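The values are calculated or read from the model by the stated rules, or taken from the named source; none is laboratory data. Please read these numbers as outputs of a predicted model, since none were measured by experiment. Here the Cβ positions follow ideal geometry from the backbone for every residue, glycine too, while neighbour counts run over all protein chains shown.
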Amino acid sequence: MSSHTLRRANERDADALAACIDAAYSIYADRMVDLPAVSEGVEDAIRNHRVWVIEVDSEIVGGIVLVPNEDFLMLENIAVRPEVAGSGLGRALIARAEQDCRELGLNEIRLSTHTGMPENVAIYERLGWSAGSIGERNT
């Protein structure tokens, strides 16, 4: 894979990021009847939160939505296109979240994930997140 670029998202990225999120979650569509509209509100997220995208060959292939709170940073959404999964781009996005957390003077990142996504739960556990209904990681 060629090198990637990690940058702050802008409103022009909304459609491409939404498509990326939908592609990433498409692997769960058949087994999860309660899968929410995961890409809904991307444009508002870009406008109001810390949103980062990863590009490979000028194409958005991943992204992360981070929402600062008073005491922690909420990882609201993270997605990598299935065709580049396992290439380290998700780890790069997590590293960006950790850097944002430190820059904001916070020391904890939280996330929620669905038990119907055991692959994701396993990834977070390998990265050192604590188990439970809300994952937590101290930075």
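Over 22 Å from GLU119 (Cβ atoms), among the basic types (Lys, Arg), out of contact with any helix residue (DSSP H, G or I) (no Cβ under 6 Å at 6 or more places or on another chain) and not in a helix (DSSP H, G or I): does that describe ARG7? Reasoning before the result, please.
On the way: over 22 Å from GLU119 (Cβ atoms): yes; among the basic types (Lys, Arg): yes; out of contact with any helix residue (DSSP H, G or I) (no Cβ under 6 Å at 6 or more places or on another chain): yes; not in a helix (DSSP H, G or I): yes.
Taking the combined requirement at face value, the residue satisfies it.
Under the condition of being of a type in the set (Ser, Thr, Tyr) and closer than 17 Å to VAL56 by Cα, which residue from the range 1-38 is modelled with the lowest pLDDT? Outline the logic, then answer.
If we filter the range 1-38 for residues that are of a type in the set (Ser, Thr, Tyr), which is where we start, we get 2-3, 5, 25-26, 28.
Now restrict to residues that are closer than 17 Å to VAL56 by Cα: 2-3, 5.
Working: SER2: 59, SER3: 89, THR5: 96.
Among residues in the range 1-38 that are of a type in the set (Ser, Thr, Tyr) and closer than 17 Å to VAL56 by Cα, the one modelled with the lowest pLDDT is SER2.
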Original post:
Any chance the range 53-66 includes a residue that's touching a residue at least 12 places away in the same chain (Cβ under 8 Å), farther than 17 Å from ASP22 by Cβ and crowded, with 22+ Cβ neighbours inside 10 Å?
Top reply: yes
Original post:
Residues in the range 73-90: is at least one free of Cβ contacts under 8 Å to residues at least 24 places away in the same chain, on the phi > 0 side of the Ramachandran plot and of a type outside the set (Phe, Trp, Tyr)?
Top reply: yes
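In the range 1-25, which residues are aliphatic (A, V, I, L, M) and surrounded by 14 or more Cβ atoms within 10 Å (Cβ to Cβ)? Show your work before the answer.
Let us first name the residues in the range 1-25 that are aliphatic (A, V, I, L, M), namely 1, 6, 9, 14, 16-19, 21, 23-24.
Scanning the range 1-25 gives LEU6, ALA9, ALA14, ALA16, LEU17, ALA18, ALA19, ILE21, ALA23, ALA24.
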Original post:
Of all the residues that make up the range 69-83, how many are over 14 Å from the mean Cα position of the chain (by Cα) and surrounded by fewer than 19 Cβ atoms within 10 Å (Cβ to Cβ)?
Top reply: 4
